[in-house]
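The structure appears right after this line, and notes come after that.
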Amino acid sequence: MPIGWVRQQEVAGGSIRAGFTDRSGGVSVGNYAGLNLGHHVGDERSAVEENRKALAEEIGVRPVYMDQVHSATLRSALPYIADKSFAAPTTDGLIVDLAQVGAPSRAAACVMVADCIPVLIVSAERPAAAAVHAGRRGLLSGIVPAAVERVGGLVDVYAGPCICGSCYEVSAQMAEESASVLAPTAAVSRWGTPALDLRAGLRAQLSDLHNVRSVHIDERCTMEDSALYSYRRATRSVAGGPEKPATGRFAGVIVVEKEEQSDTPASPR
């Protein structure tokens, strides 16, 4: 089960890894075939648990997952590690900051998507990072700039695959309302209807932040690339039929480790 690592970096006091899964590997079948990590999409629970176990073994630690609700809510992942639930309720961004007193030596968090942007924010200065779910509502609400501020200091931002502006068709009203908040999201689909370009909106937001050192955006479109899950593609496949659209979720993953401090005092000279 390969993870496409986009960053493996030593920082002062620790290290950070950031990457993205796709459908490869995993035991889910049918419409969920592959490494589906979402419990909430109708897949067999036992299959999702096996997929999540495989991911945890791959990265060396059990990650915290979110109950994502298209909000601008950010939470620390650490309390959900401490209580051993590894599940953050009603949130769309997790902060992993191991520079805090009492933090574990290693922690991880996931953001699950099937068309929205999975955004990973990596500190360039200390063992801290964030995993953020940036759909239309979260993006317009400013969840990504808020997460950049929470991580603090100089950061590098990695945006994973999402639906592109040529495929993300929306109503004229939704397009107008979105553009009134974040103008660069305005787009036209390849068949000439109103659309949204989430990547363009994200780029515009990040360009205004002085502490963003670099931005890296994966240009793959989830709707066009069958190696990725896409809710829009699944919706189109059952249009007009009795079935509900069914597809899995791939993930953006951050793994943060801190250096262990020795309790042994230095020998006197």
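The values are calculated or read from the model by the stated rules, or taken from the named source; none is laboratory data. Every value quoted in this text rests on a predicted model; they were computed, and no experiment measured them. Backbone-built Cβ (ideal geometry, glycine too); neighbour counts: all protein chains shown. Calculation scope for accessible area: heavy atoms of the full protein, side chains included, ligands and nucleic acids excluded. Shrake-Rupley method; radii C 1.70, N 1.55, O 1.52, S 1.80 Å.
For the reader, a short list of remarks on this structure follows.
- Solvent-accessible area assigned to carbon and sulfur over the chain amounts to 50 percent, based on a 1.4 Å probe.
- Put Thr185, Thr90 in order of accessible area, highest first, and with a 1.4 Å probe you get Thr90, Thr185.
- Straight-line cross-link reach from Lys84 at under 16 Å between alpha-carbon atoms covers these aspartates and glutamates, not counting any fewer than eight positions away in the same chain: Glu49, Asp67.
- Estimated vicinal HN-Hα couplings, Hz - region 60-69 in sequence order (Karplus 6.51, -1.76, 1.60; Gly, Pro = x): x, 6, 7, x, 8, 10, 10, 8, 7, 10
- Computed about the Cα centre, the dipole magnitude for region 3-258 is approximately 160 debye when only Lys and Arg (+1) and Asp and Glu (-1) carry charge, each at its Cβ.
- Relative contact order for region 3-258, counting Cα pairs under 8 Å that sit 6 or more residues apart, in percent: 24
- Heavy-atom accessible area with a 1.4 Å probe sorts Lys244, Lys53, largest first, into Lys244, Lys53.
- Using 0.36 nm per residue and subtracting the Cα-Cα separation, the extra length available between Glu224 and Ala183 on full extension is 12.3 nm.
- Anchor Lys258: aspartates and glutamates whose Cα lies under 14 Å away (excluding residues fewer than 8 positions away in-chain): Glu10, Asp97, Glu125
- Surface calculation, 1.4 Å probe, protein heavy atoms: Val27 sits at approximately 60 Å² accessible.
- Of the peptides 189-195, 71-77, the order by per-residue mean of other Cβ atoms within 10 Å, starting with the highest, comes out as 71-77, 189-195.
- Euclidean distance of C-alpha centroids, region 47-80 and region 132-151, integer Å: 18
- Descending by average beta-carbon neighbour count within 10 Å, the peptides 99-107, 163-171 line up as 163-171, 99-107, the highest first.
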